[in-house]
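What follows is one structure encoded as structure tokens, with my remarks underneath.
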Amino acid sequence: MIETNALADVRATITENRRISSDITIITLECPEIAIAAKPGNFVNVKVSNTTQPLLRRPFSIHNVRDNSIDIMVKSVGCGTAIFCDSAEGTPMMVLGPLGNSFNTSSRNFDTALLLSGGIGTAPMYFLEQTLAHEEKKVINLVGGRTEADLIAPGLTNVQFATDDGSAGFRGNVVALLESVLPSIDRKGGVKVFACGPNPMLKALAGCCRKHHLPCELSLESVMGCGIGICYGCSVEINDPDGGIRSILLCREGPVIDAELFVL
Ligand SMILES: Cc1cc2nc3c(=O)[nH]c(=O)nc-3n(C[C@H](O)[C@H](O)[C@H](O)COP(=O)(O)OP(=O)(O)OC[C@H]3O[C@@H](n4cnc5c(N)ncnc54)[C@H](O)[C@@H]3O)c2cc1C
Ligand code: FES
């Protein structure tokens, strides 16, 4: 069962801004109401500017929770994320969260967790790893990127890398890396896969997990306006367990879905 949370809309203050690469910044926001309720896989909707540019809030995964604060790992890809990455310590920002459902980490059906991520999809993995470790699960991280410069894994342990061009780690995509490491993984206590990344990666992974009978949860992305089920901007199609295909609002019934529901 994938879980959901209560939420708060708070005026949070940026207490730290750390650029970790040319386009990735980790931003710490002090917001105790959200920090206390956050679960791995949840996201927040941030009003990154107090002007109308951009008008809509932007969704970001919760990367880490520390005391009264949350960390957000932001990749600068456009107007909103550029403003967010450049925001100075002390800047106040409206933050709505925690939003969406969360990864199910507590099942007794597995003792080993494989965390697959690609690009900025690595953002929710640190919080997820911390939670799984607290529940005494063994964690293996598989992180992919097009080239060495794209690889990001701040704070993650037990990491194996894959690059499309072979400039670091395994040559190939992260799903091919999973296929290559699976035979060496002890599956007696149960293995579960958790993933976040671009849609083509998630599609390949969903197919791979079905083939190997591996339980798997995927965190999907879509364009989001409101984050709370009002604008209908985040509709995605999933397999209906009762047959056929149905639409869900990813902000409410996601972003985490069972890989069995991913439409291949
Ligand atoms: C649940 C969820 C969690 C996310 N977590 C993170 C995270 O932890 N770190 C991170 O850096 N990014 C994350 N994203 C993506 C992030 O929301 C977008 O990169 C951001 O909204 C782009 O805003 P922009 O104004 O900079 O880009 P724009 O200038 O508006 O557009 C640039 C690109 O971003 C895409 N985009 C624009 N708005 C959105 C939107 N609201 N949602 C998704 N894509 C959008 C556009 O299609 C375009 O390709 C997440 C998205 C979702 C849905
Ligand atoms: S983001 Fe508005 S309905 Fe989901």
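The values are calculated or read from the model by the stated rules, or taken from the named source; none is laboratory data. The structure displayed is predicted, hence computed values, not measured ones. All Cβ positions, glycine included, derive from the backbone under ideal geometry; neighbour counts span all protein chains shown. Just the protein is used for accessible areas: all its heavy atoms, side chains included, with ligands, DNA and RNA removed. Shrake-Rupley method; radii C 1.70, N 1.55, O 1.52, S 1.80 Å.
Quick look at the numbers
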item	result
A259, sole failed condition from (1) under 21 Å from the mean Cα position of the chain (by Cα); (2) away from ligand 1 (no atom under 16 Å from the Cβ); (3) open to solvent by 10 Å² or more (accessible area, probe 1.4 Å)	(3)
Filtered residues of the stretch 81-117 (kept if open to solvent by 10 Å² or more (accessible area, probe 1.4 Å) and closer than 23 Å to T147 by Cβ)	T81, A82
Qualifying strands (runs of 3 or more DSSP E) (wholly inside the stretch 1-89; at least 3 residues being farther than 16 Å from T122 by Cβ and not aromatic (F, W, Y))	8-19, 24-30, 43-47
Some residue of the stretch 42-55 being surrounded by fewer than 22 Cβ atoms within 10 Å (Cβ to Cβ), touching a residue at least 60 places away in the same chain (Cβ under 8 Å) and closer than 24 Å to C234 by Cβ	no
S107 being modelled with pLDDT under 95 and within 24 Å of E179 (Cβ to Cβ)	yes
Verdict on C226 being surrounded by fewer than 20 Cβ atoms within 10 Å (Cβ to Cβ), within 16 Å of ligand 2 (Cβ to nearest atom), touching a residue at least 60 places away in the same chain (Cβ under 8 Å) and not acidic (D, E)	yes
Hits in the stretch 232-256 - residues which are open to solvent by 30 Å² or more (accessible area, probe 1.4 Å) and outside any strand (DSSP E or B)	Y232, G233, D240, P241, D242, G243, G244, R252, E253
Top-ranked residue in the stretch 160-205 [being of a type in the set (V, I, T) and outside any loop (DSSP other than H, G, I, E, B); ranked as surrounded by the most Cβ atoms within 10 Å (Cβ to Cβ)]	V174
